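Since the structure comes first, as structure tokens, the remarks are kept for the end.
The values are calculated or read from the model by the stated rules, or taken from the named source; none is laboratory data. What you see is a predicted model, and the numbers here were worked out from it, not measured in a lab. Cβ: placed from backbone, ideal geometry, glycine included. Neighbour counts: every protein chain shown. Remember, those area values only see protein heavy atoms, side chains included, never the ligands or the DNA or RNA. Shrake-Rupley method; radii C 1.70, N 1.55, O 1.52, S 1.80 Å.
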Amino acid sequence: MMNRLLKSRYGWLLLLVILVAVNILFHTLHFRADLTAEKRYTISPPTRTLLKGLQDRVDITVFLEGDLPAGFKKLATATDDMLSSFKGEALNNLGYNFTRPGEGMDDTARVALYDSLRRIGINPTNVKAQAKEGEGMEERLVFPGA
């Protein structure tokens with residue numbers, strides 16, 4: 001049957017339409033199978049209830065952007081995955097963006113921002129990172145928080 005369908009004039013077109021439809025379906029539906037024993041990637045029922053019950057919009061700013069060492073990039077990717085799952089449950093009441101704190105600010109404003117982040121409990125970590133190709137290493141403050 002399948003062989004005859006593929007040899008027919010419109011068989012390839014039908015197969016293409018089916019593949020595009022399946023692709024669109026899976027792109028719009030966010031489905032994730034958690035195969036870990038401890039259900040590490042599953043949203044718990046209380047968290048799901050909290051997210052679905054949000055009355056107002058919640059916007060989250062994550063301070064993990066830019067050229068970061070591998071460990072912080074992995075943390076940023078995991079955070080993005082988790083927030084994406086949360087956003088799917090929150091039904092347009094949750095938004096998030098990644099930024100590098102202090103970028104584009106003058107020194108006085110940057111110091112004030114860093115001080116305010118420290119006061120709310122987001123303490124910086126001093127890391128060494130590749131500055132640019134061939135320019136060596138530079139030290140910078142990373143605020144792993146949201």
* Structure fact -> Among Asn93, Ala21, Tyr10, the residue whose Cα sits farthest towards the positive end of the charge dipole of the chain, when +1 is placed on the Cβ of each Lys and Arg and -1 on the Cβ of each Asp and Glu, is Tyr10
* Between helix 70-90 and the chain: long-axis angle, C-alpha atoms, 0 to 90°, nearest 10 -> 60
* Structure fact -> Taking r as the C-beta separation of Leu15 and Ser84 and R0 as 25 Å, the FRET efficiency to the nearest 0.05 is 0.20
* Asked: In sequence order, what are the phi-derived ³J(HN,Hα) couplings for the stretch 47-64 according to the Karplus relation 6.51 cos²θ - 1.76 cosθ + 1.60 with θ = phi - 60°, rounded to whole Hz, with x for glycine and proline?
  -> 5, 4, 5, 4, 5, 5, x, 4, 8, 10, 6, 10, 10, 10, 10, 9, 8, 10
* Measure off 7 Å from each Cα along the Cα-to-Cβ vector at Ala33 and Met105, then give the distance between these two points in nanometres to one decimal. => 4.6
* Structure fact -> Computed over the chain, protein heavy atoms only, probe 1.4 angstrom, the accessible area per residue in square angstrom equals 77
* Read phi for every residue in the stretch 96-105 and hand back ³J(HN,Hα) as whole Hz from Karplus 6.51 cos²θ - 1.76 cosθ + 1.60, θ = phi - 60°, with x for Gly and Pro. => 8, 8, 9, 8, 9, x, x, 5, x, 9
* Structure fact -> Sorted by chain and then number, the residues having a modelled amide H within less than 5 Å of the amide H of Val62, at least 5 places away or on another chain, are Asn97, Phe98, Thr99
* Asked: Full extension from Ala112 to Phe98: what is 0.36 nm times the residue separation minus their Cα-Cα distance, to one decimal in nm?
  -> 3.1 nm
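Output the antiparallel fraction of DSSP beta bridges having both residues in the chain, as a percent to the nearest 5. List each step's numbers first, then the result.
Numbers: 6 of 11 bridges.
Here the antiparallel bridges make up roughly 55 percent for the chain.
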* Asked: Top mean-square fluctuation among Ile43, Ile122, Ile18, Gaussian network model of the chain, C-alpha springs under 10 Å?
  -> Ile18
* Structure fact -> Among Leu75, Leu54, Leu29, the residue with the largest mean-square fluctuation in a Gaussian network model of the chain built from Cα contacts under 10 Å is Leu29
* Structure fact -> With Cα coordinates, the longest principal axis of the chain makes an angle with the long axis of helix 11-28, in degrees rounded to 10, of 30
* **the chain - Rg and Dmax from Cα coordinates, angstrom** => 22.5, 73
* Report the residue, chosen from Gly104, Gly11, Gly53, that carries the largest GNM mean-square fluctuation when the chain is represented by alpha-carbon nodes joined by springs under 10 Å. => Gly11
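State to the nearest 20 debye the size of the charge dipole of the chain about its Cα centre, where the only charges are +1 on K and R beta carbons and -1 on D and E beta carbons.
The calculation lands at about 960 debye.
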* Measure nothing but the geometry: give the 0 to 90° angle between the long axis through the Cα atoms of 107-119 and the longest principal axis through the Cα atoms of the chain, rounded to 10°. => 80
